[in-house]
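Structure first, then comments.
The values are calculated or read from the model by the stated rules, or taken from the named source; none is laboratory data. All of these numbers come straight from a predicted model, not from anything done at the bench. Here Cβ is always computed from backbone atoms with ideal geometry, including for glycine, and neighbour counts include all displayed protein chains. Remember, those area values only see protein heavy atoms, side chains included, never the ligands or the DNA or RNA. Shrake-Rupley method; radii C 1.70, N 1.55, O 1.52, S 1.80 Å.
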Amino acid sequence: MSSGYKSWILLTGFILFYVAYLLLGALVFSTIERPVEDKLKSDIQVLKEEFLNQSCVNATSLENFLEKVLQANKYGISILPNSSASSNWDLASSLFFANTLVTTVGYGHTTPLSDTGKAFSIFYALLGVPFTMLVLTACVQRLMHPVTYGPIDMCRQRIGLDPLAATAVHFAILLLLVVLGFFVVPAVVFSHIEDTWSFLDAIYFCFITLCTIGLGDYVPGEKPGQKFRSLYKISVMVYLFLGLMMMYLVLRAFHRMADLHGLTSFFQLPHCDEDTEEDKEPIIEADPEDQHEAEASAKPLDPASQTSYNTINR
């Protein structure tokens, strides 16, 4: 078996283990938090009936009722009848929460109700966040050759562009494709599925999400009666992972272009080839053909260039 197949098998193993880690976290979160959520819903319903049965409502009882309702709403529990059917801790919602936790997006629309859930969140994120970064880095490292080195080399050889122009054209095209594929098109889809979202709201959500800001004012799949809610949540998870991967790829490509255009030297920033010798070793070994293309693409630009680099800067 060639090294290229081995690297793809290893990368596939990384991704499958990552999915299994998300599923494990979802099962644990759902097991811990679902009973607590059901009890809180029951308590809120009893509180609502007691409040409605009062013959005379005074300011104190109203304030106590509103305080408890707002506190429950902070955990995603509503007293509205059309929102009581859905759960924030079914398997799909728990999977979505685990994904936002380890990707550091953290919308905050759903938070653990119990102390056990909070403690498990700490442990789960402690392992999950670096593991997510490792998987993203491995995927981006594997895509750098066909998405970056190959197209740049093609621009130089077939179109006749000089190295600086080739990297600039490649980055402009890559950025345009990412904006269209991960901001504009998803925004159209989100604005169509989410009735209350405008196109600007959807663009805003995509930007906040892929920049891992996660303000939580817009969260997909949270409206009552959402059709195919579980499938929708999982689709957003896939979009989140692919979007973060492409954002990382764009940053790597920009850093590479900045190196070749002298911007990093001008601003006295670290170069791509200033990693340590250990960091220069790829996480997933690349194909020999890809390495040859990368070396051919980099050699005329900078004799000291490395074809494999893992981090933007340190």
Residue list for region 113-152, restricted to those being more than 19 Å from the chain's Cα centre (by Cα), surrounded by fewer than 20 Cβ atoms within 10 Å (Cβ to Cβ) and over 30 Å from GLY76 (Cβ atoms): PRO146, VAL147, GLY150, PRO151
Enumeration of residues in region 248-292 that are modelled with pLDDT under 75, among the hydrophobic types (A, V, I, L, M, F, W, C), under 25 Å from the mean Cα position of the chain (by Cα) and in a helix (DSSP H, G or I): CYS272
Number of the exception - SER93 against (1) within 19 Å of the chain's Cα centre (by Cα); (2) farther than 21 Å from LEU126 by Cα; (3) not aliphatic (A, V, I, L, M): (2)
Checklist (1) surrounded by 14 or more Cβ atoms within 10 Å (Cβ to Cβ); (2) under 23 Å from THR104 (Cβ atoms); (3) of a type outside the set (Ser, Thr, Tyr) applied to VAL169, failing item: (2)
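Determine whether region 46-64 contains at least one residue that is surrounded by fewer than 17 Cβ atoms within 10 Å (Cβ to Cβ), part of a helix (DSSP H, G or I), in contact (Cβ under 8 Å) with a residue 12 or more places away in the chain and out of contact with any Asp or Glu (no Cβ under 9 Å at 6 or more places or on another chain).
The answer is yes; a qualifying residue exists.
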Hits in region 5-27 (condition: within 15 Å of SER93 (Cβ to Cβ) and crowded, with 18+ Cβ neighbours inside 10 Å): LEU22, GLY25, ALA26
Failed item in (1) in contact (Cβ under 8 Å) with a residue 24 or more places away in the chain; (2) within 17 Å of PHE97 (Cβ to Cβ); (3) in a helix (DSSP H, G or I), with SER235 passing the rest: (1)
Close pairs from region 112-131: first outside any helix (DSSP H, G or I), partner open to solvent by 70 Å² or more (accessible area, probe 1.4 Å) and of a type outside the set (Asp, Glu), Cβ under 8 Å, at least 6 apart: PRO112/LYS118
Given (1) open to solvent by less than 60 Å² (accessible area, probe 1.4 Å); (2) out of contact with any Gly (no Cβ under 9 Å at 6 or more places or on another chain); (3) within 30 Å of ALA138 (Cβ to Cβ); (4) not aliphatic (A, V, I, L, M), number of the condition PHE207 does not satisfy: (1)
Residue count for region 194-204, restricted to those that are more than 18 Å from VAL105 (Cβ to Cβ) and either touching a residue at least 40 places away in the same chain (Cβ under 8 Å) or open to solvent by less than 80 Å² (accessible area, probe 1.4 Å) (or both): 1
Residue list for region 94-110, filter: open to solvent by 10 Å² or more (accessible area, probe 1.4 Å) and modelled with pLDDT of 90 or more: LEU95, PHE97, LEU101, THR104
Residue match in region 10-21 (condition: over 19 Å from the mean Cα position of the chain (by Cα) and part of a helix (DSSP H, G or I)): yes
Per-region count, region 139-163, residues in contact (Cβ under 8 Å) with a residue 40 or more places away in the chain and either farther than 13 Å from TYR248 by Cα or not in a helix (DSSP H, G or I) (or both): 8
